[in-house]
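Student: Before we start, here is the structure in question, set down as C-alpha cells.
Values in this text are rule-based calculations from the coordinates and carry no lab data. Just so it is clear, the structure is predicted and the values come from calculations on it, not from any experiment. Ideal geometry is used to build each Cβ from the backbone, glycine not excepted, and the neighbour counts take in all protein chains shown.
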Amino acid sequence: MGDPAFFSDRINSFSLVSYIPGPLGEFITNLRQELVAGCVAQSHVTVLPPRPIGVPAEEAEEILRHWVEPFPSFEVEIVDIGLFIETNVVIADIGAGRSELIEMHSALNAGPLYFDEPYEYHPHITLAQNFPAQDVPAVHALARERWLNDAPARSFLVDSLIFVQNTVGNRWIDLAECELRGAVAVPAR
C-alpha cells in the first residue's frame, strides 16, 4: 500500500472534500497535472478548507458523520474558469450547488472543526496553484481552452464527503466517508 513513512508523516491539517466522479473527475485530475507538473491532487470541491483541529481525528470523524448526515445530496455545475487574483489560483467556478456548499461550510465550520480561515469561503474547484506568477496568464488561458474544447460534462452529484488529512509531503490521506442522507435534492431529468 505504499511507503509506510507516507502514512506516519501525518500533520495536523484536515479538510473535508467531495471528489468529482466519473469522466469529469478524470478530466479535471488530468488537467491539473497538465497545468502544473507534479500535481498529485485528485479532483475535488472543498467544503472545509485545510485546518488544524484540536480533537483526535477519530472524534472529528464522528462529529462530521453526525453533522453531515441531514444534508441532502445535490448537483454541482461548473459555470466558468476563473482566477483568484490575490493568490494566483486558477479555478473552475461553481453555479448550481454554490448555495448548498456555502450552507454546508457555514454549518460545519463550528465547534472543534472551527477555523478562522484567511479567505472568505468561495465554492470552487482548484485547477492550478503553486506555479510561477509570470505563468498565470498562460496557465489560465490553457485551462479555459481545455475546458471549452474538451470537458466531458459540466456537472456532478455530491452525495458524500471525504474527511482527509495532510502529510509532511503534502499528500492527502482519506480518513472517512460521510454520506449525505437527507432527502435527495437532485431534480429529475
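Student: DSSP loop GluC sites (Glu not before Pro) in the range 90-136 with at most 10 other Cβ atoms within 10 Å of their Cβ, which ones? Intermediate values should be presented prior to the final figure.
Tutor: On the way: sites: Glu100, Glu103, Glu120; in loops: Glu120.
For GluC sites (Glu not before Pro) across the range 90-136 that sit outside H, G, I, E and B with at most 10 neighbouring Cβ atoms in 10 Å, the list reads Glu120.
Student: Using the alpha-carbon centroid of each, what span in Å lies between the range 64-111 and the range 113-189?
Tutor: 8
Student: Give, as a single signed number, the net charge of other residues whose beta carbon lies under 10 Å from the beta carbon of Leu35, with Lys and Arg counted +1 and Asp and Glu -1. Please report the intermediate quantities before stating the final value.
Tutor: Values: positive: Arg32, Arg146; negative: Glu34, Asp135.
Its environment carries a net charge of 0.
Student: Can you bin the range 99-144 into rounded, prolate or oblate? Criterion: square roots of the alpha carbon gyration tensor eigenvalues sorted a ≥ b ≥ c, rounded for a/c under 1.5, prolate for a/b above b/c, oblate for the rest. Before the final figure, lay out the partial values.
Tutor: Values: a/c = 4.39, a/b = 2.25, b/c = 1.95.
It is prolate, given that a/c is not under 1.5 and a/b is the larger ratio.
Student: Between Tyr121 and Glu59, what length comes free when the chain is fully extended (0.36 nm per residue of separation minus the Cα-Cα distance, one decimal in nm)?
Tutor: Numbers: separation 62, 0.36 × 62 = 22.32 nm, distance 2.43 nm.
Stretched out fully, the Tyr121 to Glu59 stretch lengthens by 19.9 nm.
Student: Select from Ser155, His105, Ile85 the residue farthest towards the positive end of the dipole of the range 84-156; place +1 on Cβ of Lys and Arg, -1 on Cβ of Asp and Glu, and compute about the Cα centre.
Tutor: Ser155
Student: Is the shape of the range 107-189 rounded, prolate or oblate, going by the alpha carbon gyration tensor and its root eigenvalues a ≥ b ≥ c, with a/c under 1.5 for rounded and a/b larger than b/c for prolate?
Tutor: Values: a/c = 2.04, a/b = 1.21, b/c = 1.69.
Because a/c hits 1.5 or more and a/b fails to exceed b/c, the range 107-189 counts as oblate.
Student: For Ala128, enumerate residues with amide H under 5 Å from its amide H, sequence gap 5+ or separate chain, H modeled in the peptide plane.
Tutor: Amide H neighbours of Ala128, under 5 Å, 5+ apart: Val90.
Student: Can you list which of the chymotrypsin sites (Phe, Trp or Tyr not before Pro) found in the range 88-171 are DSSP loop residues with at most 11 other C-beta atoms within 10 Å? Each step should come with its number before you reach the end.
Tutor: Numbers: sites: Tyr114, Phe115, Tyr119, Tyr121, Trp147, Phe156, Phe163; in loops: Tyr114, Phe115, Tyr119, Tyr121.
Passing both the DSSP loop test and the Cβ count: Tyr119.
Student: Also: To one decimal place, what Kirkwood hydrodynamic radius in Å is obtained for the chain from all pairs of distinct Cα atoms? Kindly include the intermediate steps, with their values, before the conclusion.
Tutor: Numbers: mean 1/r = 0.0577 Å⁻¹.
Here the Kirkwood hydrodynamic radius works out to 17.3 Å.
Student: Which whole-number percent is the relative contact order of the range 4-179 (Cα, under 8 Å, 6+ apart)?
Tutor: Details: 307 pairs, mean separation 61.9, N = 176.
Reported relative contact order: 35 percent.
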